[in-house]
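I have placed the structure first, in the form of structure tokens, so that the comments after it can refer back to it.
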Amino acid sequence: VQLVASGGGLVQAGGSLRLACPVSGRIFSNYNMGWFRHAPGKEREVVAVISRSRITARYADSVKGRFPISRDNAENTVYLQMNTLKPEDTAVYYCAADWGPTTTVDPRDYDYWGQGTQVTVSS
């Protein structure tokens, strides 16, 4: 499975970015998908995850209401729309795929990872 995250960049606080992660190599709809981030000096943390059926989505408290996650199973792509960005959202953002039965927020449960895309929010 190959995942390629894109869409990061430098944006001012209050701005928006849309991350995309096309997936190839396996049947995309078989995987739960997640976005995670890793900021300097901090542990990797979940941002949002979405079930293979698109019925279930889970979010970190810090991004609820700002970062909707979505997926297009026909396009084999998962998205993260990032609105009202804050400086504390600055991090490298990773997409990941999980073969497991539940929509987990634990990064250790994810089987495949993309290379990451840098998001920098200036104040």
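The values are calculated or read from the model by the stated rules, or taken from the named source; none is laboratory data. In this text the structure is predicted, and so the values were computed from the model without any measurement. Neighbour counts are summed over all protein chains in view; Cβ atoms, including those assigned to glycine, are modelled from backbone coordinates with ideal geometry. What goes into the accessible areas is simple: the full protein's heavy atoms, side chains included, and nothing from ligands, DNA or RNA. Shrake-Rupley method; radii C 1.70, N 1.55, O 1.52, S 1.80 Å.
Of the GluC sites (Glu not before Pro) found in the stretch 32-123, those in coil by DSSP whose Cβ has at most 16 other Cβ atoms within 10 Å are GLU43, GLU75. Accessible area ranking (1.4 Å probe, heavy atoms, ligands and nucleic acids excluded), largest first, for LEU80, LEU17, LEU10: LEU10, LEU17, LEU80. In whole percent, how big is the carbon plus sulfur part of the accessible area of the chain, probe 1.4 Å, protein atoms only? About 49 percent, which is the carbon plus sulfur part of the accessible surface. Amide H contacts of TRP99 (H built 1.01 Å from N, in plane; Pro and chain starts excluded): ASP111 sit under 5 Å, all sequence-distant by 5 or more or on other chains.
Surface exposure of the chain, expressed per residue as accessible area with a 1.4 Å probe, stands at 51 Å².
Extension gain for the segment GLN2 to ILE55, taken as residue separation times 0.36 nm less the Cα-Cα distance, is 16.7 nm to one decimal.
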